[in-house]
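The values are calculated or read from the model by the stated rules, or taken from the named source; none is laboratory data. Predicted model only: the values in this text are computed from it and were never measured. Here the Cβ is made from the backbone with ideal geometry for all residues, glycine too, and neighbour counts use every protein chain on show. Accessible surface is based on the protein model in full, side chains and every heavy atom, while ligands, DNA and RNA are left aside. Shrake-Rupley method; radii C 1.70, N 1.55, O 1.52, S 1.80 Å.
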Amino acid sequence: RVIAFRLRYYAELRSKYKEVFWRVAIAGRDYTGTAEAMKFDGDKPLSVTWGNRGDEFYVPVKASEATINIHCTENFQYLGLFTSDPRRYRVSIYRNTTLYWRGFVVADLYSESFAAPPYKVSIKAVDGFKLLENIPFRRPDGSYKTGRHHLCDLVAECIALLELNMTVDVWLNLFAEGMDTNDTSLKQVYIDLDRLYNVYEEATYRDVLELCLRPFAGQIFQSNGSLHVRRIVSLYEKSRPHSFTV
């Protein structure tokens, strides 16, 4: 079944710095109602951060998160965002009408003030990589997966579970002798899944994603509306995809 996300809330502003137009759209899974406008609040109404300072050389998955501060005029006005489904509400942030970042509302980090309205509500969202830690790497019936699988297929399977619907740029540039340098390394290396469970007794999709990238000193992260898979040292080289921005 195709999962449909429909706009539930949105907020817009034009920044004082360079007059950049920002739009936040929160879409609900299978939502059927109408969209409601929100208003940003505070000195820092919107921010997106990537991982921890200085850790880019050490982590194969560089996760990111967004904080959205909203003006609340009624008690529990946005309580509906609190849900047990970690992927019920998908957040898309647009910079000058172009997708900049996408993730999901973190329900247990949603908070409201105990003061009388109006007050500021902080909504936090994550890019979904952490959610892979809770999904066992098994078939739908619970049995172990077997056989040889190319790394590109396994990475694609992990990305599909994120439900971000973003373009993917692969710019790994580490090749073994005899490999086709005109194609990605991920298509030319495979994993024997029968051996995987000897290392990870209860493997998750996060484990598999990291395992696919670690031999290349590779890393996956979001940037400018795309998911990027590249070697860590690639940031210090001149060749980068057009869609990548610092």
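Odds and ends about this structure:
- The amide H of Val106, built 1.01 Å from its N in the peptide plane, has Lys124, Ala125, Val126 as neighbours under 5 Å, considering only residues 5 or more places off or on other chains.
- Difference of contour (0.36 nm per residue) and Cα-Cα distance, Glu157 to Asp43: 37.1 nm
- At a probe radius of 1.4 angstrom, the accessible area of the chain per residue rounds to 57 square angstrom.
- Positive-end ranking of Leu46, Ile220, Val168 along the dipole of the chain, with charges on Cβ about the Cα centre, is headed by Leu46.
- Highest-MSF residue in the chain out of Gly51, Gly218, Gly33 [GNM, Cα springs under 10 Å]: Gly33
- Just the protein heavy atoms count here, and of the accessible area of the chain at 1.4 Å, carbon and sulfur take up 51 percent.
- Ordering Val61, Tyr205, Trp22 by Cα displacement along the dipole of the chain toward the positive end leaves Trp22 in first place; charges were set at the Cβ atoms of Lys, Arg (+1) and Asp, Glu (-1).
- Dipole moment magnitude, nearest 20 debye, the chain about Cα centre, only Lys, Arg, Asp, Glu C-beta charged: 680 debye
- Distance violations [Cα-Cα > 23 Å] among Lys62/Lys124; Lys18/Lys44; Lys145/Lys187; Lys18/Lys120; Lys16/Lys120: Lys18/Lys120
- Calculated [θ] (222 nm, deg cm²/dmol) that DSSP helices of n ≥ 4 give over the chain, each run adding -39,500 (n - 2.57): -3500 deg cm²/dmol
- 3J(HN,Hα) along region 82-96: 7, 8, 6, 8, x, 10, 6, 10, 9, 9, 10, 10, 10, 10, 6 Hz, from the Karplus curve 6.51 cos²θ - 1.76 cosθ + 1.60 with θ = phi - 60°, whole Hz, x for Gly and Pro.
- Cα gyration tensor shape of region 152-217, rounded if a/c is under 1.5, else prolate or oblate by comparing a/b with b/c: oblate
- Charges were assigned to the Cβ only: +1 to each Lys and Arg, -1 to each Asp and Glu. The resulting dipole of region 166-213 about its Cα centre is roughly 100 debye.
- Per-residue ³J(HN,Hα) for region 223-232, Karplus 6.51 cos²θ - 1.76 cosθ + 1.60, θ = phi - 60°, Hz, x for Gly and Pro: 7, 6, x, 9, 9, 10, 10, 8, 6, 4
- Asn96 paired with Tyr17, simple spin-label distance in nm, labels 7 Å along Cα-to-beta-carbon: 1.5 nm
- Pairs of C-alpha atoms in region 1-93 farther apart than 14 Å represent 73 percent of all such pairs.
- Ala35-Ser143 pseudo-label distance in nm [points 7 Å out on the Cα-to-Cβ vector]: 4.5 nm
- Sorted on the mean count of surrounding Cβ atoms within 10 Å across their residues, most packed first, peptides 219-230, 177-188 read 219-230, 177-188.
- Two-decimal Rg/Rh across the chain, once Rg and the Kirkwood Rh are taken from alpha-carbon atoms: 1.01
- Reduced Cα scattering model of region 66-161, Debye log10 I(q)/I(0), q = 0.19, 0.20, 0.23 Å⁻¹: -0.98, -1.04, -1.20
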